[in-house]
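Heads up: the structure comes next, in C-alpha coordinates.
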Amino acid sequence: MLFRQLFDAESSTYTYLLADLATREAVLIDPVLEQVERDVRLLQELGLKLKVVLETHVHADHITAAGLLRERTGAQVFASARGAPCVDRQLSQGDVVRVGGIEVLVLETPGHTDDSLSFLCDGRLFTGDALLVRGTGRTDFQNGDPGQLYDSITRELFSLPDATEVYPAHDYAGFTMTSVGEEKRHNPRLAGRSREDFVALMKARQLPPPRKLDVAVPANRACGLSEPASPHHA
(Lines give C-alpha, C1' and ligand atoms only; values in the text may rest on other atoms or scores of the structure.)
Protein backbone atom coordinates (compact mmCIF):
# COMPACT_ATOMS: atom_id res chain seq x y z
CA MET A 1 0.00 0.00 0.00
CA LEU A 2 1.20 3.47 -0.87
CA PHE A 3 0.88 5.96 1.99
CA ARG A 4 1.46 9.71 2.08
CA GLN A 5 0.90 12.32 4.79
CA LEU A 6 0.18 15.80 3.39
CA PHE A 7 -0.02 19.09 5.31
CA ASP A 8 -1.92 22.37 5.06
CA ALA A 9 0.03 25.04 6.94
CA GLU A 10 -2.82 27.53 7.35
CA SER A 11 -5.09 25.17 9.27
CA SER A 12 -2.41 22.70 10.44
CA THR A 13 -4.49 19.96 8.82
CA TYR A 14 -3.14 16.59 7.74
CA THR A 15 -4.56 14.94 4.64
CA TYR A 16 -3.78 11.27 4.09
CA LEU A 17 -3.43 9.43 0.80
CA LEU A 18 -3.79 5.64 0.71
CA ALA A 19 -3.51 3.70 -2.52
CA ASP A 20 -3.49 0.10 -3.71
CA LEU A 21 -0.41 -0.26 -5.89
CA ALA A 22 -1.92 -3.18 -7.81
CA THR A 23 -5.12 -1.45 -8.94
CA ARG A 24 -3.82 2.16 -8.60
CA GLU A 25 -7.05 3.04 -6.78
CA ALA A 26 -6.76 5.63 -4.01
CA VAL A 27 -8.42 7.12 -0.94
CA LEU A 28 -7.96 10.64 0.46
CA ILE A 29 -8.80 11.35 4.10
CA ASP A 30 -9.72 14.94 5.10
CA PRO A 31 -8.63 16.90 2.01
CA VAL A 32 -8.43 20.70 2.24
CA LEU A 33 -9.98 22.98 -0.39
CA GLU A 34 -6.91 25.20 -0.78
CA GLN A 35 -4.76 22.13 -1.50
CA VAL A 36 -6.93 20.55 -4.19
CA GLU A 37 -4.51 21.37 -7.02
CA ARG A 38 -1.61 19.86 -5.08
CA ASP A 39 -3.59 16.71 -4.37
CA VAL A 40 -4.88 16.26 -7.91
CA ARG A 41 -1.37 16.79 -9.29
CA LEU A 42 0.06 14.20 -6.89
CA LEU A 43 -2.58 11.67 -7.92
CA GLN A 44 -1.70 12.27 -11.56
CA GLU A 45 2.04 12.04 -10.95
CA LEU A 46 1.65 8.75 -9.12
CA GLY A 47 -0.75 7.34 -11.69
CA LEU A 48 -3.58 6.95 -9.20
CA LYS A 49 -7.36 7.01 -9.60
CA LEU A 50 -9.15 8.62 -6.66
CA LYS A 51 -12.13 6.43 -5.75
CA VAL A 52 -13.14 7.59 -2.25
CA VAL A 53 -12.83 10.69 -0.08
CA LEU A 54 -13.23 9.93 3.63
CA GLU A 55 -14.17 12.67 6.09
CA THR A 56 -13.49 12.16 9.80
CA HIS A 57 -16.10 14.81 10.71
CA VAL A 58 -17.63 18.13 9.69
CA HIS A 59 -14.62 20.36 10.20
CA ALA A 60 -14.81 23.81 11.79
CA ASP A 61 -11.38 25.20 10.93
CA HIS A 62 -11.07 24.62 7.19
CA ILE A 63 -13.24 23.90 4.17
CA THR A 64 -13.08 20.42 2.74
CA ALA A 65 -12.12 19.66 -0.86
CA ALA A 66 -14.43 16.62 -0.89
CA GLY A 67 -17.12 18.05 -3.15
CA LEU A 68 -14.69 19.59 -5.60
CA LEU A 69 -12.67 16.36 -5.78
CA ARG A 70 -15.91 14.49 -6.48
CA GLU A 71 -16.58 16.85 -9.39
CA ARG A 72 -13.01 16.70 -10.68
CA THR A 73 -12.29 12.98 -10.33
CA GLY A 74 -15.62 11.16 -9.98
CA ALA A 75 -14.66 9.95 -6.48
CA GLN A 76 -17.36 9.27 -3.94
CA VAL A 77 -17.54 11.01 -0.57
CA PHE A 78 -18.08 8.92 2.58
CA ALA A 79 -18.66 10.26 6.09
CA SER A 80 -20.72 9.72 9.22
CA ALA A 81 -24.47 9.25 9.02
CA ARG A 82 -24.64 12.02 11.63
CA GLY A 83 -22.64 14.44 9.51
CA ALA A 84 -22.96 16.17 6.15
CA PRO A 85 -26.06 15.23 4.13
CA CYS A 86 -24.19 15.67 0.82
CA VAL A 87 -22.21 12.43 1.04
CA ASP A 88 -22.56 9.40 -1.23
CA ARG A 89 -22.36 6.85 1.58
CA GLN A 90 -23.14 7.26 5.26
CA LEU A 91 -20.80 5.31 7.50
CA SER A 92 -21.45 3.68 10.87
CA GLN A 93 -19.53 1.62 13.42
CA GLY A 94 -17.99 -1.51 11.94
CA ASP A 95 -18.48 -0.61 8.29
CA VAL A 96 -15.62 -1.54 5.97
CA VAL A 97 -14.64 0.66 3.03
CA ARG A 98 -12.91 -1.31 0.28
CA VAL A 99 -10.85 0.37 -2.43
CA GLY A 100 -8.84 -2.07 -4.52
CA GLY A 101 -7.16 -4.32 -1.99
CA ILE A 102 -7.35 -1.72 0.78
CA GLU A 103 -9.81 -2.25 3.61
CA VAL A 104 -10.64 0.62 5.97
CA LEU A 105 -12.55 -0.18 9.16
CA VAL A 106 -14.88 2.54 10.42
CA LEU A 107 -14.92 3.36 14.15
CA GLU A 108 -17.42 5.78 15.61
CA THR A 109 -15.52 8.07 17.99
CA PRO A 110 -17.87 10.95 18.92
CA GLY A 111 -17.08 13.58 21.51
CA HIS A 112 -15.15 16.26 19.62
CA THR A 113 -18.24 16.43 17.42
CA ASP A 114 -21.21 14.10 17.38
CA ASP A 115 -20.30 12.82 13.90
CA SER A 116 -16.62 12.06 14.51
CA LEU A 117 -15.22 8.89 12.94
CA SER A 118 -11.82 7.22 13.07
CA PHE A 119 -10.48 4.92 10.37
CA LEU A 120 -8.25 1.86 10.85
CA CYS A 121 -6.24 0.52 7.92
CA ASP A 122 -3.27 -1.83 7.95
CA GLY A 123 -2.05 -0.90 11.44
CA ARG A 124 -2.60 2.82 10.91
CA LEU A 125 -5.32 4.64 12.84
CA PHE A 126 -6.64 7.93 11.47
CA THR A 127 -8.24 9.65 14.45
CA GLY A 128 -9.51 12.94 13.07
CA ASP A 129 -9.77 15.40 15.97
CA ALA A 130 -10.66 12.78 18.59
CA LEU A 131 -7.14 11.78 19.64
CA LEU A 132 -4.24 14.10 18.86
CA VAL A 133 -0.53 13.77 19.61
CA ARG A 134 -0.38 14.44 23.37
CA GLY A 135 -3.80 16.02 23.21
CA THR A 136 -7.43 15.63 22.21
CA GLY A 137 -9.94 17.57 20.18
CA ARG A 138 -11.93 20.25 21.95
CA THR A 139 -15.52 19.55 22.97
CA ASP A 140 -17.18 22.96 23.21
CA PHE A 141 -19.07 23.17 19.89
CA GLN A 142 -20.91 21.02 17.28
CA ASN A 143 -22.55 18.88 19.95
CA GLY A 144 -19.19 18.06 21.53
CA ASP A 145 -19.27 16.08 24.77
CA PRO A 146 -16.17 15.54 26.92
CA GLY A 147 -17.49 12.41 28.61
CA GLN A 148 -18.33 10.91 25.25
CA LEU A 149 -14.86 11.78 23.93
CA TYR A 150 -13.18 10.12 26.93
CA ASP A 151 -15.24 6.99 26.30
CA SER A 152 -14.45 7.00 22.58
CA ILE A 153 -10.72 7.24 23.20
CA THR A 154 -10.39 4.91 26.17
CA ARG A 155 -12.89 2.24 25.13
CA GLU A 156 -12.56 2.29 21.34
CA LEU A 157 -9.13 3.60 20.40
CA PHE A 158 -7.14 2.45 23.44
CA SER A 159 -8.51 -1.07 23.00
CA LEU A 160 -6.35 -1.40 19.88
CA PRO A 161 -2.81 -2.82 20.09
CA ASP A 162 -0.25 -0.44 21.59
CA ALA A 163 1.82 -0.59 18.40
CA THR A 164 -1.04 0.83 16.32
CA GLU A 165 0.24 3.99 14.62
CA VAL A 166 -1.92 7.08 15.21
CA TYR A 167 -2.29 9.76 12.54
CA PRO A 168 -4.40 12.75 13.66
CA ALA A 169 -6.21 15.30 11.49
CA HIS A 170 -4.19 18.15 13.02
CA ASP A 171 -1.02 18.97 14.85
CA TYR A 172 0.09 22.36 16.11
CA ALA A 173 3.44 21.46 17.68
CA GLY A 174 5.38 19.82 14.86
CA PHE A 175 4.46 16.19 15.49
CA THR A 176 3.40 13.98 12.61
CA MET A 177 2.20 10.79 14.32
CA THR A 178 2.19 8.81 17.54
CA SER A 179 0.99 5.39 18.71
CA VAL A 180 -1.80 4.04 20.87
CA GLY A 181 0.72 2.92 23.50
CA GLU A 182 2.46 6.30 23.59
CA GLU A 183 -0.80 8.16 24.11
CA LYS A 184 -1.92 5.77 26.84
CA ARG A 185 1.29 6.51 28.73
CA HIS A 186 2.06 10.12 27.90
CA ASN A 187 -1.07 12.02 26.83
CA PRO A 188 -1.42 14.61 29.62
CA ARG A 189 -5.19 14.82 29.27
CA LEU A 190 -5.71 11.08 29.58
CA ALA A 191 -2.83 9.29 31.30
CA GLY A 192 -3.77 8.62 34.93
CA ARG A 193 -6.98 10.64 34.65
CA SER A 194 -10.45 9.38 35.44
CA ARG A 195 -13.43 10.19 33.26
CA GLU A 196 -14.50 12.80 35.84
CA ASP A 197 -11.03 14.39 35.76
CA PHE A 198 -11.10 14.59 31.98
CA VAL A 199 -14.59 16.12 31.88
CA ALA A 200 -13.61 18.75 34.45
CA LEU A 201 -10.42 19.56 32.55
CA MET A 202 -12.20 19.99 29.23
CA LYS A 203 -15.03 22.08 30.72
CA ALA A 204 -12.52 24.41 32.37
CA ARG A 205 -10.83 25.28 29.07
CA GLN A 206 -11.71 28.75 27.80
CA LEU A 207 -10.93 28.85 24.09
CA PRO A 208 -11.99 31.27 21.35
CA PRO A 209 -14.10 29.69 18.61
CA PRO A 210 -12.27 28.42 15.53
CA ARG A 211 -11.61 31.33 13.19
CA LYS A 212 -13.54 29.78 10.28
CA LEU A 213 -16.34 28.20 12.34
CA ASP A 214 -19.23 30.23 10.88
CA VAL A 215 -18.04 29.69 7.32
CA ALA A 216 -16.55 26.20 7.48
CA VAL A 217 -19.37 24.26 9.13
CA PRO A 218 -22.14 25.18 6.64
CA ALA A 219 -19.72 24.82 3.72
CA ASN A 220 -18.61 21.39 4.92
CA ARG A 221 -22.18 20.24 5.37
CA ALA A 222 -22.36 20.90 1.60
CA CYS A 223 -19.11 18.91 1.01
CA GLY A 224 -17.17 22.17 0.66
CA LEU A 225 -19.23 23.60 -2.20
CA SER A 226 -21.04 26.91 -1.90
CA GLU A 227 -24.21 25.33 -3.24
CA PRO A 228 -25.34 22.04 -1.66
CA ALA A 229 -24.55 19.13 -3.94
CA SER A 230 -26.60 16.01 -4.41
CA PRO A 231 -24.71 12.79 -3.84
CA HIS A 232 -23.56 10.98 -6.97
CA HIS A 233 -24.62 7.44 -6.20
CA ALA A 234 -22.81 4.76 -8.15
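Overview of values
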read-out	value
Residues with amide H under 5 Å from that of Phe7, placed H, sequence gap 5 or more	Thr15
Sequence-distant residues sharing a close amide H with Ala65 (under 5 Å, placed H)	Val32, Leu33
Contact order normalised by residue count of segment 1-122, Cα under 8 Å, 6+ apart, percent	20 percent
Net +/- balance of residues flanking His186 in space, Cβ distance below 13 Å, scoring K and R +1, D and E -1	+2
Accessible-area composition of segment 107-215, carbon plus sulfur, in percent [1.4 Å probe]	50 percent
In nm, spacing of pseudo-spin labels at Arg205 and Ser226 (7 Å Cα→C-beta vector)	3.3 nm
Compactness of segment 162-201 - radius of gyration and Dmax, Cα, Å	11.4, 30
Within-13-Å neighbourhood charge of Gln206 [Cβ basis; K, R +1; D, E -1]	+2
For segment 1-71, share of DSSP beta bridges that run antiparallel, in % to the nearest 5	70 percent
Where N is the number of residues in the chain, Cα Rg divided by 2.2 N^0.38 Å	0.95
Accessible area of the chain divided out per residue, in Å², using a probe of 1.4 angstrom	43 Å²
Modelled FRET efficiency - R0 30 Å, Asp214 with Glu103, Cβ distances, 0.05 increments	0.20
Descending Cα extents along the principal axes, segment 62-160, whole Å	38, 30, 22
Computed over segment 1-125, the ratio Rg/Rh where both radii use C-alpha atoms and Rh is Kirkwood	0.93
Percent carbon-and-sulfur accessible area, segment 38-90, ignoring ligands, DNA and RNA, probe 1.4 Å	47 percent
Segments 203-215, 39-51, 61-73 sorted - mean Cβ within 10 Å per residue, highest first	61-73, 39-51, 203-215
Per-pair calculated FRET efficiency, R0 = 35 Å: Ala173 and Thr23 via Cβ, rounded to 0.05	0.45
Derived scalar couplings ³J(HN,Hα) [segment 70-79; Karplus, 6.51 cos²θ - 1.76 cosθ + 1.60; whole Hz; x for Gly, Pro]	4, 5, 7, 10, x, 5, 9, 10, 10, 7
For segment 1-75, alpha-carbon Rg over 2.2 N^0.38 Å	1.01
Convex hull of Cα atoms in segment 119-234, direction-averaged projection (nm²)	9.1 nm²
Potential extension, Arg41-Asp162 segment - 0.36 nm per residue separation minus Cα distance	40.0 nm
Hypothetical label at Arg195: residues of segment 74-111 whose amide nitrogen lies under 15 Å (7 Å Cα-Cβ projection)	110-111
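The values are calculated or read from the model by the stated rules, or taken from the named source; none is laboratory data. Please read these numbers as outputs of a predicted model, since none were measured by experiment. So basically every Cβ, Gly included, is an ideal-geometry build from the backbone, and we count neighbours across all protein chains shown. What goes into the accessible areas is simple: the full protein's heavy atoms, side chains included, and nothing from ligands, DNA or RNA. Shrake-Rupley method; radii C 1.70, N 1.55, O 1.52, S 1.80 Å.
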